[in-house]
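Nothing in this text is a laboratory measurement; each read-out follows from the coordinates by a stated rule. Nothing here was measured: the structure is a model prediction, and the numbers come from that model. Here Cβ is always computed from backbone atoms with ideal geometry, including for glycine, and neighbour counts include all displayed protein chains.
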Amino acid sequence: MEIHLLSKLFVLVMVCVSEVWTQPPPRNFPSDMLRSRCQRSFLQVNVASALVLHRDVQFSAVDQYGRAFLIDNQLALRCGYSLTYDGWRNIDFRASLLSCYTQIKNDSYFTVVLKIDITNRQNAMTQTHMRTIDCPYEWQPREIICETNYMEVSVRRKIPMIAESAFQDEPEDWSSAFPEAVSGLMSIWQVVFHLASTRKAMLVKDAQDIGYGINTTESRIILRSPYNANEAQLQRVSDVGFSTVRATVFYKQRWVILLVDTAVACPVDDVTYANRNILWTVPKNIPPLLVGASAIKNSRGEFGIDLTSLTDGDLLNRNILLVDNSLATSVTIPYGAVGGYYKSHTSHGEHGITYNIKIFLENQWEDNRWGVTKYTIIKDITTPFDQRPPIITNDTIPFTKIFNVTIGTFLPDVELVNLTIGPVTVTVPEGIALGYTITPLTHPNGSKTFILKVPFSDPNVKKEYIPDYTRVYTLNVTFGFHIFPTMETFEGKTTIIVSLTDAVPPNASGDCKERLTLRITRGNVDMLWVPYIKDVLIDAASAQLRGFDYTTNKTHFAVSVPRSSDLISYDEVSTLGLKISLPLTLRDATTGHSMYEFNIQCTYPAKELISCSQNGTMAVIVMKLVTVPDMDLSRLHLRARDCTPAVYSDTNAKFIFNVNTCETTRRFTGNTMIYENDVLYYMPGSTLPAYQLKISCTYTVNNTVNVWYSSNDNPKPGVQITSASLVFVLRLSKGGTYSDFYGNPEYPVVQYLKDPLYFEVELMHSSDPQLELFLENCWATTSTDRGSLPRWDVVVNSCEFLETHNTVFHPVNVDSRVTFSMHLKRFEVKMFTFMQADNAYLGEIYFHCAVIICNADARLADPLCSRSCIPEKQRVGRSLDSNSHSRNYVSSGAVRLALEPGSDTMQAWSHLATQ
């Protein structure tokens, strides 16, 4: 039997490249976020990132029966689809017009139906888009496509028309010769791959199962292969590697076997990078594609971007160099050429950029073996990661006291999202709310920089004091960036140090009375310094716990400590006196380092520490001294080492001994006798005392005492009467809650005209509940003399003054500070009470009150003690001292009346007078 071999074709693929650059912004189609078009032998669909950002997207191919097939990676390779995301997350989808589910009419009209599902990740809601695209296309006898993810070759087959009756009488000859091809009138039933030294045959179904796409149309046979197929071979042509697949397809139609040789070769390492240029070289005369051919003619090529051809003028305008000769096509594309785009990325947390461009090369030739071949190569090129550490510029001008920092430049896809200044991280809006100036600056080429301004006074700026009146300001800042839309993150860090000789250190004053007092005037370097005494933090809580006074405001603070407090340091005890001190240290609140030290030292008589009794007993109290390190009071002794303290504690020790013991010596001076000894302290291993206190008692001798004796009766018992004065105080409160008052160091107190004054008068040091305090009269003068003029009344006859602005009495309730409410009176004074010549008085003013005390034991019987306002006629003769009308007077410190900055006196008066 004769077998008719109708055709034996070898299908070749070749690539020719020319390329053009554009650099568009991220795609955003205002009318339609999803755009489709026919480009050469492809259908191309572009989906804008705004439609799919942070959503899941699925493409499905729909066949002629309406069935949808999800396009995954395996189906894309076998059926002729490619799907890529660019750096802005726009989607580029391409389908070969010969893809599996394309509906084909006359091999010249192609219909592709796509289903696109876009699912919101937050609510799982899916939006479905259907697209039906019709594309006409006229095929060349052989077309080879090198897509980004697969290789494709299609060959026109020429089948002679053979009558069905030609072999009806001898079907057994066909079945016996080719038993595998009996079933079906038309089928592809076997493929043989040509390897280097052998052949490998398999059924078409098996080839499709391992990733090949093999199909036919009315007039064409298609072979589609992955680049890394097992049967692919790597061949080098002019130092360029090609992935090559050659196969013979056995095809049967109407009792005829058609053997079609298909070959495809696509470059795999044809792109290099040098001097910020992309170099693309594609050789011509690729042997696997020219088997049996000679006399190539009518060769021509096209180069373009995104499947759109560029003219010679376009290439020139984009600085793209295209060289085409008989050996190869070479293209040189500078980074940043129009048609591509830069994109920011990170690698191992470092910032950098890449450049991307989608180019193609189409070469077409005619030879005497295969006819016309169209060879198309598509390249999606991304340059290597170019690390670009952020450039940080310090533009700070020290005397402005504002840090000025610039960071950049960046591509438009970089956004500043947060700042870390010192230990605190804030978002950009939070930073602006804190007083930072954060300004993005966009340049004409689209790049951007960011400018940050931070005041030196910001609490997150580190401030250090150097004793030569120099302040060192340190800004530690970390910029946090996001790259849109991938949300990659990176940072830029810097430390800026500025020194200024503008330091004003704090200073101190003090006094030695019954209490040791230190008053500190704050400077401009101690904002973050806190006071300590003996490792005790000095604040309101410790003051209440340890029984000392502590007052503070923005400019001063004062500490007043009793002599008996354990915060006192005992420096020396001798017969000259007791030398004690109050050491105060200002420490940095963040580091704990000592920044400044103050100390007030006082000497008091030591007679209370040494007592001499007439029976010859001496008692001595020895205090622990700060001048002796680690002093152990149990190791103290007198001259006789066995004479140790009778009692001791962590702070003091007490000796009690007779003058005839402990090696006490005696000497006479005139008519006095002096007993002397020493209190000694030795450090372990030392023969010299680390501390020595000489103690002595003096007794008078040879003194004559006259004693009178008589027989008179014993005197009657009597009482020795002494007198004392009641103590009153007039305080100015810092607010209407009467919980915080101005101390002496804070006077004069500046008060604006619009603000009222809150006063409190108290009977001090009395626990007698039968006494009640009343204000007889209160007034104000411009001097400390309560009888001076001018004079403004604020309380008259114990009543609120009502002629101008009312004086208001406030109730007093018992609380943690007030034990007897009847010992206090509180009132509020309106500031515009004080007028001179129809104008508000501005300047210093002093307040005075005449205070009387009533008997509160019988309130119903005495209205003076049961009413808050005492008329003059009722008060006369009804107080505790009704005959003498005894009064006590109390005065305040200076209050300075002032206008609020920017206000006008009369306008302020007119405004407040109506309230």
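For the reader, a short list of remarks on this structure follows.
- Qualifying chymotrypsin sites (Phe, Trp or Tyr not before Pro) in region 100-137, DSSP loop, other Cβ atoms within 10 Å at most 13: none
- Selection among Ala589, Thr555, Ile538 by position relative to the dipole of region 514-589 gives Thr555 as farthest towards the positive end (Cβ unit charges, Cα centre).
- Charged-residue dipole, Cβ positions (Lys, Arg, Asp, Glu), region 507-604 about Cα centre, Debye nearest 20: 200 debye
- Ranked list, fewest to most other Cβ atoms within 10 Å of each Cβ, for Lys252, Lys105, Lys654: Lys105, Lys654, Lys252
- FRET efficiency for the pair Ala201 and Gln39, taken as 1/(1 + (r/R0)^6) with r the Cβ-Cβ distance and R0 = 30 Å, rounds to 0.25.
- Net charge of Cβ neighbours under 12 Å - reference Phe410; Lys, Arg +1; Asp, Glu -1: +1
- Each of Leu518, Leu289 was scored by other Cβ atoms within 10 Å of its Cβ. Listed from fewest to most, they are Leu518, Leu289.
- Order of Ile391, Ile421 - criterion: other Cβ atoms within 10 Å of each residue's Cβ, fewest first: Ile391, Ile421
- In region 426-530, chymotrypsin sites (Phe, Trp or Tyr not before Pro) in a DSSP loop with at most 16 other beta-carbon atoms within 10 Å: Tyr469
- Charge-dipole axis of region 380-494 as Lys and Arg at +1 and Asp and Glu at -1 on Cβ define it, positive-most pick from Pro444, Phe385, Val472: Val472
- Electrostatic dipole magnitude of region 610-700 [Cβ: Lys, Arg +1; Asp, Glu -1; Cα centre; debye, to 20]: 200 debye
- For region 390-500, size of Cβ-based charge dipole, Lys and Arg +1, Asp and Glu -1, in debye: 300 debye
- Packing around the peptides 774-782, 393-401, 678-686, 582-590, taken as the average count of other Cβ atoms within 10 Å per residue, puts them in this order, highest first: 774-782, 582-590, 678-686, 393-401.
- Within straight-line cross-link reach of Lys534, lysines at Cα separation under 22 Å, skipping those fewer than 8 residues along the same chain: Lys513, Lys579, Lys624
- Above-threshold pairs, the threshold being 29 Å between Cα atoms, out of Lys105/Lys200; Lys462/Lys734; Lys205/Lys297; Lys284/Lys358: Lys105/Lys200; Lys462/Lys734; Lys205/Lys297
- In loop segments of region 535-566 as defined by DSSP, the trypsin sites (Lys or Arg not before Pro) with at most 12 further C-beta atoms inside 10 Å of their C-beta are Lys554.
- Neighbourhood net charge (15 Å Cβ-Cβ; Lys/Arg +1, Asp/Glu -1) for Tyr738: 0
- Length released on extending from Tyr699 to Tyr137, taking residue separation times 0.36 nm less the Cα-Cα span: 188.8 nm
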